[in-house]
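Here's the structure we're looking at; comments come further down.
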Amino acid sequence: MGRSVNSKAVANLPAFGESLRTEFVKRIKQSHGSTHIRFNVKKVATEGNSAVLVPLLNIRSEPWVLFTQRSLSLTGHRGQICFPGGRLAAGETPQAAALRESAEEIGLDSKNVEIWGHLRAMYTRNLVNIVTPVVGLLHDVNLNALTVQSEEVRSVFAVSVEELCSCHQYTRFRRPDGVGYILPVFDTRHFKMISSNDPPSSGYRIWGITAGILHLLLLNLFPSAYVSNIKLIHPPA
């Protein structure tokens, strides 16, 4: 369960550009709701919510997605793969928080980020706080010159959409109250290392909330190439 590859569609993915943005915005506006426990957001806490930037970029005229790996010295979620981001300050919008945190963590200048829109918010594991994914295309960014906050970020790397559409499976979770649910998991072996405090890993496992966000991203960007049997949220055809 989980993976079904449309090889022809995956092999002919377009670079990120205006036509793709137009279709993406249309899909996220028309996307359906969800009964999945992590995506069926009804009640939201007034404090402790977060936002992340989902950075898109073109490498050799091919679409890629940028990720970070959390430092091993952090107390929470250490070593896990994520998108740059963090908690909203008082009165701050998700977009402002995502851009601020991205600048602090990896030195991304907001002037080089073209915002495409927001994906559906997703509950964290406590089912109280939410994370809002803000999707943005990077322009004129020298990846080798990023200023990485090593106390928070262990590695920065990018994965091609072709690889992401070909390496996904699923994993099961069960809460203490007995409620179970499924989320995607991406085991990627091919990536571009941008910055690392340690020798490059042989591969990265993208799971949890980051995989859920990535699932929504790919469904709305490349629905013909990313074919998944996992029922979270499905955009219109």
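Those strands (runs of 3 or more DSSP E) of the stretch 61-155 in which at least 3 residues are buried (at least 16 other Cβ atoms within 10 Å of the Cβ), considering only elements entirely within it, cover 62-70, 113-118, 130-138.
All conditions in (1) part of a loop (DSSP other than H, G, I, E, B); (2) at pLDDT 95 or above hold for E47, with the sole exception of (2).
All but one of (1) modelled with pLDDT under 90; (2) out of contact with any strand residue (DSSP E or B) (no Cβ under 8 Å at 6 or more places or on another chain); (3) more than 19 Å from V54 (Cα to Cα) hold for P235; which doesn't? For P235, the failing item is (3). Whenever a residue of the stretch 178-199 is farther than 20 Å from L214 by Cβ, its partners that are at pLDDT below 90 and hydroxyl-bearing (S, T, Y), lying with C-beta atoms within less than 6 angstrom and at least six residues away or across chains, give the pairs N197/S150.
Of all residue pairs spaced 6 or more apart or on separate chains, those with beta-carbon atoms under 7 Å, a first member in the stretch 83-102 that is within 19 Å of L214 (Cα to Cα) and a second member that is among the charged types (D, E, K, R) are P84/E101; P84/E105; G85/E101; G86/E101.
One line per residue, one yes/no per condition, for (1) farther than 14 Å from P84 by Cα; (2) among the charged types (D, E, K, R); (3) modelled with pLDDT of 95 or more:
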site: S110; (1), (2), (3): no, no, yes
site: E114; (1), (2), (3): yes, yes, yes
site: H139; (1), (2), (3): yes, no, yes
site: H168; (1), (2), (3): yes, no, no
site: F173; (1), (2), (3): yes, no, no
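Residues in the stretch 156-177 that are without any contact (Cβ under 8 Å) to a residue 60 or more places away in the chain and hydroxyl-bearing (S, T, Y): T171 only. For V179, the criteria (1) surrounded by 12 or more Cβ atoms within 10 Å (Cβ to Cβ); (2) β-branched (V, I, T); (3) modelled with pLDDT under 90 hold in every case but one, which is (1).
Would you point out the residue of the stretch 156-176, among those that are hydrophobic (A, V, I, L, M, F, W, C) and assigned to a strand (DSSP E or B), that is surrounded by the fewest Cβ atoms within 10 Å (Cβ to Cβ)?
Within the stretch 156-176, the match that is surrounded by the fewest Cβ atoms within 10 Å (Cβ to Cβ) is F173.
Annotation note: of E62, E92, E105, the sole residue that is farther than 20 Å from T188 by Cβ and touching an Asp or Glu at 6+ places or on another chain (Cβ under 8 Å) is E105. Quick check: anything in the stretch 2-19 touching a strand residue (DSSP E or B) at 6+ places or on another chain (Cβ under 6 Å), at positive phi, assigned to a loop (DSSP other than H, G, I, E, B) and modelled with pLDDT under 95? The answer is yes; a qualifying residue exists.
The values are calculated or read from the model by the stated rules, or taken from the named source; none is laboratory data. All figures in this text were calculated on a predicted structure; none of them were measured in a lab. No Cβ is skipped: glycine too gets one built from the backbone with ideal geometry, and neighbour counts run over all protein chains shown.
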